[in-house]
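The values are calculated or read from the model by the stated rules, or taken from the named source; none is laboratory data. Keep in mind it's a predicted model, so treat the numbers as computed, not measured. Here Cβ is always computed from backbone atoms with ideal geometry, including for glycine, and neighbour counts include all displayed protein chains. Surface areas here come from the heavy atoms of the whole protein model, side chains and all, with no ligands, DNA or RNA. Shrake-Rupley method; radii C 1.70, N 1.55, O 1.52, S 1.80 Å.
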Amino acid sequence: MNALFFWLFSIAMIVCALTVVLGRSPVTSAICFAFTIFFMSGLFVMLNAFFLAAVQILVTAGAVMVLFLFIIMLLDLNAAEKIPRQKVWMGCALLLALGFLYVVALTLNATPEGAVTIEQAPLHVPSPRVVAMRTGTHPGATPGFLEDIFDDTHRIGFLLYTNRETTTYIAPFEVTSLLILVAAIGVIVICKQDEPRRPASREEIIREAPPKSTKPETVSTR
Amino acid sequence: MDITLNHYLAVGAILFVIGLIGVITRRNLIIIYMSLEMMLQAANLTLVAFSRFNGSLDGQVFVFFVITVAAAEVAVGLALIVALYRLRQTTQVQDLTSLKF
């Protein structure tokens, strides 16, 4: 059952990814990229990463892909590529890809730790500090704390927001918010157009574009 | 056949390589950018696989950060593409030759 879904999701994901790279029109590529993300979320669910599967669908397949489609629509880019692809670059890319895959295959063969099946892998190895807190040997700990928290959303929350585990990610999380703020301001600055100066007052409007009835008068007074 | 860690890593590597081929061979800036995103997602898949097989959640927290940074990066990159299109009326990389000498 596990193996069946793994092969289903991974083969569908790779086919969609190939369609992204080989498809002629940008809209086809964007839709296929969204499907790639969906199948990758399926793989995340099989790896017990339910929270990340949801985030992946919401953020990457939802927000990012809609942004891509919006830009394609805004710039009217849906014309297929007219220039034929250069065979030389395709050959170079294939050579590079095969070399990379060869190195990966050698590495995977050389590491026997990679042959562990998903049933053998422990779902959660608690850190020593959490073990100490659970057994009550840690000062200030209540025995049985964190005993039944096994779903990944709770545990990611504990890692992100508390310092109960050995490592904590509060500071990177705060820096991320700063990064998003800087990105938002940067987008506004990049996309802001230098508009021509608008006439400030009613007198300026009349001076720059006088009404037709008053045109002979102004000419005659000059 | 049982699914091992190596299977997930191989799938991640294949996805990464497909993205690499896209970055090298395509001419449309938008599709190059999509291929770049695909390479990021391939790294995410390997991180989640390592996190599951090591029984630790730090890899998943890293994927969380990678998704956040990728979203911010997409916003900035697409803004650059829009600015470039206003300047040059094109998104094909072979038309952008002002850095050639």
*Does the stretch A:124-146 contain any residue that is at the interface with another protein chain (Cβ under 10 Å from one of its Cβ atoms) and either open to solvent by 50 Å² or more (accessible area, probe 1.4 Å) or modelled with pLDDT of 70 or more (or both)?*
yes
*What residue, of A:L75, A:L95, is hydrophobic (A, V, I, L, M, F, W, C), surrounded by fewer than 13 Cβ atoms within 10 Å (Cβ to Cβ) and modelled with pLDDT of 85 or more?*
A:L95
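Picking from A:L67, A:L43, A:L58, A:L52, which residue would you name as being in the same structural domain as A:V15 (by TED's automatic domain parsing), in contact (Cβ under 8 Å) with a residue 40 or more places away in the chain and either part of a helix (DSSP H, G or I) or touching a Leu at 6+ places or on another chain (Cβ under 8 Å) (or both)?
Just a single option satisfies the conditions, and that option is A:L52.
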_Among the residues in the stretch A:115-123, are any modelled with pLDDT under 90, in contact with a Ser or Thr (Cβ under 6 Å, 6 or more places away or on another chain), under 30 Å from B:Q60 (Cβ atoms) and in a helix (DSSP H, G or I)?_
yes
*Cβ-Cβ below 8 Å, separation at least six or inter-chain, first residue in the stretch B:15-27 and within 12 Å of A:C92 (Cα to Cα) and touching a residue at least 40 places away in the same chain (Cβ under 8 Å), second part of a helix (DSSP H, G or I) and open to solvent by 30 Å² or more (accessible area, probe 1.4 Å): which pairs?*
none
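Listed here are the residues, each with its yes/no results for (1) outside any helix (DSSP H, G or I); (2) farther than 20 Å from B:A72 by Cα; (3) open to solvent by less than 30 Å² (accessible area, probe 1.4 Å); (4) more than 7 Å from chain A (Cβ to nearest Cβ).
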{"site": "B:D2", "(1), (2), (3), (4)": "yes, yes, no, no"}
{"site": "B:L9", "(1), (2), (3), (4)": "no, yes, yes, no"}
{"site": "B:G19", "(1), (2), (3), (4)": "no, no, yes, yes"}
{"site": "B:I31", "(1), (2), (3), (4)": "no, no, yes, no"}
*Scan the stretch B:33-69 for residues that are of a type in the set (F, W, Y), within 13 Å of the chain's Cα centre (by Cα) and at the interface with chain A (Cβ under 7 Å from one of its Cβ atoms) and report the count.*
0
*Can you work out which of the residues in the stretch B:49-76 that are in contact (Cβ under 8 Å) with a residue 24 or more places away in the chain and of a type outside the set (F, W, Y) is surrounded by the most Cβ atoms within 10 Å (Cβ to Cβ)?*
B:A49
